[in-house]
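The values are calculated or read from the model by the stated rules, or taken from the named source; none is laboratory data. It should be emphasised that the depicted structure is a prediction, and the values quoted were computed from it without experimental measurement. Note: ideal-geometry Cβ built from the backbone for every residue, glycine included; neighbour counts use all protein chains shown. For the accessible areas, the whole protein counts, side chains as well, though only heavy atoms, and no ligand, DNA or RNA atoms are used. Shrake-Rupley method; radii C 1.70, N 1.55, O 1.52, S 1.80 Å.
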Amino acid sequence: MLLEAMPAAKKDLDERITLAFNKLLKDIGNQVEFELPDSFNKSKSTAYTLIKRNIYLTKKIKRRLEDDGIFCSCSASLGSSRVCDRDCHCGMLLSSCSSGCKCGSSCSNKPFQHRQVKKMKLVQTEKCGSGIVADEDIRQGEFVIEYVGEVIDDKTCEERLWKMKHRGETNFYLCEINRDMVIDATYKGNKSRYINHSCSPNTEMQKWIIDGETRIGIFATRDIRKGEHLTYDYQFVQFGADQDCHCGSSGCRKKLGVKPSKPKMSSDAALKLVACQVAVSSPKLKAMMSGKDVYQNGDLHRGSSQRALSSLPTYSCNCIGEVVRLSRHTDKIYFGIIKRYDKYSRKHSIMFEDGTVKFLDMSKEDWDFVTW
């Protein structure tokens with residue numbers, strides 16, 4: 001308004017601005033492309049607040065009396081003060097010992113907040129940004145650290161994901177623990193948020209029940225030496241463009257969104273194997289499954305290969321899909337499903353309850369068919 005009222009002053013201002021720009025261009029000379037310093041182009045870690053326990057932004061499930069769950073009856077073995085080792089009933093069910101247990105203060109199956117977090121340090125990696133290395137030796141099966149953050153519902157999770165996507169962020173710190181319940185360590189968390197992915201990891205996430213609350217613990221899957229990078233398999237759910245994997249392991253799947261391949265087992269086959277496992281501890285079911293009738297595919301003989309076979313008849317019936325019971329050198333019983341037979345090697349492909357498949361020469365195994 002003032003400049004419109006004073007046209008002479010406005011004209012003088014325009015001329016001065018033009019002169020200033022012309023002088024600047026003259027001083028610069030030839031035009032050059034402008035680039036920001038490298039420090040601006042490198043993606044920076046999201047600033048976060050260090051916390052020790054989950055912070056609930058969604059409705060927390062109220063703890064009930066029955067959340068104390070089962071009670072263990074562990075006691076210290078002779079010459080040791082350690083209580084609640086790997087055979088602890090609570091620990092086997094991924095639950096911390098409760099106030100109803102009689103194991104006392106020497107219990108090693110304590111809630112996560114009372115366990116010693118392993119020593120670790122934050123480092124910068126060549127291709128994966130920040131990472132975590134062990135600052136002490138860690139034994140297989142030991143608790144490493146709890147994955148903590150803000151516990152949010154699915155609606156809040158989706159809103160946060162879209163905001164992060166629009167900002168161009170590629171680092172996500174989300175871990176689903178239950179239906180409509182997600183741990184988000186983007187803004188609040190601990191060092192566990194920096195543990196990188198590997199297709200051949202040395203730790204794994206385990207879902208535990210601690211005083212009625214579902215929490216995520218990270219445990220070593222093998223012995224880890226001081227200085228090794230801590231990793232786990234993200235089981236990544238893709239949100240946006242594919243992300244390359246730089247873990248460098250021999251079994252690398254190349255992309256974070258690719259899940260490990262495992263042979264699929266039909267629901268009927270899985271049900272058979274579960275029934276077999278139950279039968280081992282159930283005298284009634286064991287009696288129902290104690291028959292020794294055997295069928296053949298590829299000259300499989302009746303009964304165990306450890307018995308005299310010369311007098312046993314053979315059959316030409318197809319046994320693909322049948323359940324076999326194997327006794328190995330450790331005196332442990334295994335159950336598997338026959339998937340196929342290779343007539344050249346005369347070996348059978350057996351899928352076991354954990355999804356692994358092995359080719360076995362049944363003439364060298366101690367086995368029986370399970371009849372129903």
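For this structure, a couple of remarks:
- The modelled label-to-label distance for the pair Arg86/Lys226, using points 7 Å beyond Cα in the direction of Cβ, is 2.5 nm.
- Cross-link pairs exceeding 19 Å between alpha carbons, from the set Lys52/Lys110; Lys60/Lys207; Lys59/Lys118; Lys191/Lys254: Lys59/Lys118; Lys191/Lys254.
- Nearest-20 debye value, segment 66-204 charge dipole, Cβ charges on Lys, Arg, Asp, Glu: 480 debye
- Rounded percent of accessible protein surface that carbon and sulfur make up, segment 75-223, 1.4 Å probe: 47 percent
- Cβ-based net charge around Lys119, under 10 Å, with every Lys or Arg adding one and every Asp or Glu removing one: 0
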